[in-house]
Amino acid sequence: MKVTEIVKNKKVLVLGLAKSGESAARLLDTLGAIVTVNDGKPFEENPTAQGLLEEGIRVVCGSHPLELLDEDFALMVKNPGIRYDNPMVEKALEKGIPVWTEVELAYLISDAPIIGITGSNGKTTTTTMIAEALNAGNKSAKLCGNIGYPASSVAQTAANDDTLVMELSSFQLMGTEVFRPNVAVITNLSANHIDYHGTYEEYVAAKWMLQRQMTEEDTIVLNFNQEEAKDLAQKTKAKVLPFSTKEVVDGAYLQDGKLYFKGEFIMDADQIGVPGTHNIENALATIAVAKLWGVDNQSIQESLSAFGGVKHRLQLVGKIKGVTFYNDSKSTNILATQKALSGFDNSKVILIAGGLDRGNEFDDLVPDLLGLKKMVILGQSAPRVQRAADKAGVPTLAAKDIADATRKAFEAAEEGDVVLLSPANASWDMYPNFEVRGDVFLQTYEELCN
């Protein structure tokens, strides 16, 4: 770990705990900062805050008092989920206090090179694929970031012969200033988190912050299936390495069912361990990064062939009486579900969809629903999802929750069919997050096995 003097003897406010806040607080304390942690959860119900206090770190719990910011803080490190219109954040910015997320700290202390991955869909799958390909090639990759392992924690133990493979959300990237990955990947761009960012343009700008400190010594991997990515390629100092499933590019590409890198055959597309056109894109991005990192073709092929998906992201769950179950609970928007459906024969798919939307209709999904065997619909958005199913001519069943939907889908299935949970909606009308929703699907699958 590099020891940076940038926060030494400076007053730093950590806003919000969870994993990233806890990691940031401890790291800042180690670096000699004078740390105050402010978390909304009451102290008596907050074991993390209790532990930090025992270590000598000041904690203020139960509310977010604006007067706290009158204490002359030099820096705020906030939980990435806290919005910039939060009164504490707004006041910090008004007072000229820099507002970071903990990935900035990770960069400042990291001895290891960084591969940073962002995008609207496929971030977690691509991040995991890259790490597995690098590890298969003996490159010692360490997963971190938005994937569940705080970057500032992993960076503390990473050596210079390791590689940090870091998933990054737009929320995390907005809290960076000098962060500079050696390689950046943007999987794709589509309208997402507009309720947080305000406009699509602001959302893209947040994603594009990934490369703002990069130079011609660095490389950015972009999806040339999207014209927007081709336009952005003209606006970076970094070397651009494209990938595409639609055309031959000077990078990684699909041609006649085969994956290539700069004219060199890597593997057949149908060898990838997870289905779907979107996973071919994820694999191509992985190939581009792995080749940059010097991984041999056999290791790339073996890692991608063995790749079984990520939990809740088109995860192959198993089979019951010849019916295959896939858990794609992470599909919280239309594009993600479109990508999931692209990997299957619709005539054999029973799709479980619905949840919490943002009042939108699902007309864009209609072409992808055509020919589905059946849909099981649930949640707050059920009437709008039902309208899309009707337009596509798909027979439907109604369900009260995921467990009920899973059972009804299995009852409607025949040998050779697929039960696919890919909701195209957020989970918050019924479940606290997509992980819990997916876990209910997995639990119900286990019950059906018995």
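The values are calculated or read from the model by the stated rules, or taken from the named source; none is laboratory data. All figures in this text were calculated on a predicted structure; none of them were measured in a lab. So basically every Cβ, Gly included, is an ideal-geometry build from the backbone, and we count neighbours across all protein chains shown. Each accessible area value is taken on the protein alone, full model and side chains, heavy atoms only, with ligands, DNA and RNA left out. Shrake-Rupley method; radii C 1.70, N 1.55, O 1.52, S 1.80 Å.
Just to be sure, is Phe344 over 19 Å from Ala398 (Cβ atoms) and either surrounded by 17 or more Cβ atoms within 10 Å (Cβ to Cβ) or among the basic types (Lys, Arg) (or both)?
Details: over 19 Å from Ala398 (Cβ atoms): yes; either surrounded by 17 or more Cβ atoms within 10 Å (Cβ to Cβ) or among the basic types (Lys, Arg) (or both): yes.
For Phe344, the condition - over 19 Å from Ala398 (Cβ atoms) and either surrounded by 17 or more Cβ atoms within 10 Å (Cβ to Cβ) or among the basic types (Lys, Arg) (or both) - is met.
Can you confirm whether Gly343 is closer than 20 Å to Ala413 by Cα and either modelled with pLDDT under 90 or part of a helix (DSSP H, G or I) (or both)?
On the way: closer than 20 Å to Ala413 by Cα: yes; either modelled with pLDDT under 90 or part of a helix (DSSP H, G or I) (or both): yes.
Taking the combined requirement at face value, the residue satisfies it.
Under 9 Å between Cβ atoms, at least 6 apart or on separate chains: pull out the pairs that start in region 75-96 with a residue that is open to solvent by less than 40 Å² (accessible area, probe 1.4 Å) and end on any residue that is aliphatic (A, V, I, L, M) and assigned to a loop (DSSP other than H, G, I, E, B).
Cβ pairs passing all conditions: Leu75/Ile6; Leu75/Val7; Leu75/Ala33; Leu75/Ile97; Met76/Ile97; Asn79/Leu17; Met88/Ile82; Val89/Ile82.
Looking at region 241-261, which of its residues are closer than 25 Å to Leu316 by Cα and part of a loop (DSSP other than H, G, I, E, B)?
Result: Thr245, Gly257.
Filtering region 120-147 down to residues that are open to solvent by 30 Å² or more (accessible area, probe 1.4 Å) and within 18 Å of the chain's Cα centre (by Cα), which residue is modelled with the lowest pLDDT? Show your work before the answer.
Of all residues in region 120-147, those open to solvent by 30 Å² or more (accessible area, probe 1.4 Å) come to 132, 135-136, 138-140, 142-143, 146-147.
This time we only want the ones that are within 18 Å of the chain's Cα centre (by Cα), so: 132, 142-143, 146-147.
Working: Glu132: 95, Lys142: 96, Leu143: 94, Asn146: 87, Ile147: 83.
Here the residue is Ile147.
Got at least one residue in region 188-205 being among the acidic types (Asp, Glu) and assigned to a loop (DSSP other than H, G, I, E, B)?
The first filter runs over region 188-205 and keeps only residues among the acidic types (Asp, Glu), leaving 195, 201-202.
Pick out the ones that are also assigned to a loop (DSSP other than H, G, I, E, B) and you get none.
No, the conditions are met nowhere in region 188-205.
If you go through region 317-347 one residue at a time, how many are touching a residue at least 60 places away in the same chain (Cβ under 8 Å), farther than 17 Å from Asn279 by Cα and out of contact with any Ser or Thr (no Cβ under 9 Å at 6 or more places or on another chain)?
5
Residues are listed down the side, and each one gets a yes or a no for (1) within 20 Å of Lys330 (Cα to Cα); (2) open to solvent by less than 20 Å² (accessible area, probe 1.4 Å):
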site: Ala389; (1), (2): no, yes
site: Gly393; (1), (2): no, no
site: Asp401; (1), (2): yes, no
site: Ala409; (1), (2): yes, yes
site: Tyr431; (1), (2): yes, no
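Checking the conditions here, which among Leu397, Leu420 is part of a strand (DSSP E or B), more than 21 Å from His312 (Cα to Cα) and out of contact with any Cys (no Cβ under 7 Å at 6 or more places or on another chain)? Can you show your working first?
Details: Leu420 fails: more than 21 Å from His312 (Cα to Cα).
Within the list Leu397, Leu420, the selection yields Leu397.
Look through Val295, Val289 and report the one residue that is hydrophobic (A, V, I, L, M, F, W, C), buried (at least 19 other Cβ atoms within 10 Å of the Cβ) and part of a loop (DSSP other than H, G, I, E, B). It would help to see each step written out before you state the result.
On the way: Val289 fails: part of a loop (DSSP other than H, G, I, E, B).
Matching residue, one of Val295, Val289: Val295.
Please determine whether any residue of region 30-41 is under 19 Å from Val154 (Cα atoms) and among the hydrophobic types (A, V, I, L, M, F, W, C).
Yes, region 30-41 has at least one match.
Among the residues of region 348-383, which ones are touching a Leu at 6+ places or on another chain (Cβ under 8 Å) and not in a strand (DSSP E or B)?
Gly354, Gly355, Asp368, Leu369, Leu372, Gly379, Gln380, Ser381
Return the pairs, sorted by first residue and then second, in which the second residue is open to solvent by 60 Å² or more (accessible area, probe 1.4 Å) and part of a loop (DSSP other than H, G, I, E, B), the first residue lies in region 368-389 and is under 11 Å from Asp357 (Cα atoms), the beta carbons are less than 6 Å apart, and the residues are 6+ apart or on different chains.
Arg384/Glu361
Pairs please, first residue from region 264-293 and more than 16 Å from Ser244 (Cα to Cα), second anywhere and assigned to a helix (DSSP H, G or I) and open to solvent by 10 Å² or more (accessible area, probe 1.4 Å), Cβ atoms under 6 Å, 6+ apart in sequence or on different chains.
Gln271/Ser305; Gly273/Ser305; Gly273/Ala306
Would it be correct to say that Thr245 is touching an Asp or Glu at 6+ places or on another chain (Cβ under 7 Å) and at pLDDT 95 or above? Before you say what the answer is, go through the steps one by one.
On the way: touching an Asp or Glu at 6+ places or on another chain (Cβ under 7 Å): yes; at pLDDT 95 or above: yes.
So Thr245 passes the test.
Answer yes if at least one residue in region 321-336 is open to solvent by 40 Å² or more (accessible area, probe 1.4 Å) and modelled with pLDDT under 90, and no otherwise. Steps first, please.
Start the filter on region 321-336 by keeping residues that are open to solvent by 40 Å² or more (accessible area, probe 1.4 Å), which leaves 321, 330, 332, 335.
Adding the requirement that they be modelled with pLDDT under 90 leaves 335.
Checking region 321-336: at least one residue is open to solvent by 40 Å² or more (accessible area, probe 1.4 Å) and modelled with pLDDT under 90.
Each row is one residue, and each column tells you yes or no for (1) open to solvent by less than 20 Å² (accessible area, probe 1.4 Å); (2) closer than 18 Å to Glu102 by Cβ; (3) not basic (Lys, Arg).
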| residue | (1), (2), (3) |
| --- | --- |
| Val35 | yes, yes, yes |
| Leu53 | no, no, yes |
| His64 | no, no, yes |
| Leu69 | yes, no, yes |
| Asp72 | no, no, yes |
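Go through (1) over 15 Å from Glu104 (Cα atoms); (2) open to solvent by 10 Å² or more (accessible area, probe 1.4 Å) one by one and return the number of the condition Ser20 breaks.
(1)
Which members of region 262-280 meet the condition of being in a helix (DSSP H, G or I) and open to solvent by 20 Å² or more (accessible area, probe 1.4 Å)?
Initially, region 262-280 is screened for residues in a helix (DSSP H, G or I), giving 269-271, 277-280.
Passing the criteria: Asp270, Gln271, Thr277, His278, Ile280.
Residues of region 148-158 being open to solvent by 10 Å² or more (accessible area, probe 1.4 Å) and among the hydrophobic types (A, V, I, L, M, F, W, C), which ones? Give the steps one after another, and end with the answer.
If we filter region 148-158 for residues that are open to solvent by 10 Å² or more (accessible area, probe 1.4 Å), which is where we start, we get 148-150, 153-154, 156-157.
The one that is open to solvent by 10 Å² or more (accessible area, probe 1.4 Å) and among the hydrophobic types (A, V, I, L, M, F, W, C): Val154.
Output the residues belonging to region 140-172 that are in contact with a Pro (Cβ under 7 Å, 6 or more places away or on another chain) and polar (S, T, N, Q).
Passing the criteria: Thr163, Ser169, Gln172.
Against the definition (of a type outside the set (Val, Ile, Thr), in contact (Cβ under 8 Å) with a residue 60 or more places away in the chain and crowded, with 23+ Cβ neighbours inside 10 Å), how does Leu314 come out, yes or no?
Numbers: of a type outside the set (Val, Ile, Thr): yes; in contact (Cβ under 8 Å) with a residue 60 or more places away in the chain: yes; crowded, with 23+ Cβ neighbours inside 10 Å: yes.
Criteria met by Leu314.
Return the residue satisfying two criteria in turn: it lies in region 1-28 and is basic (Lys, Arg) and touching a Gly at 6+ places or on another chain (Cβ under 8 Å), and of such residues it is farthest from Val60 (Cα to Cα).
Lys8
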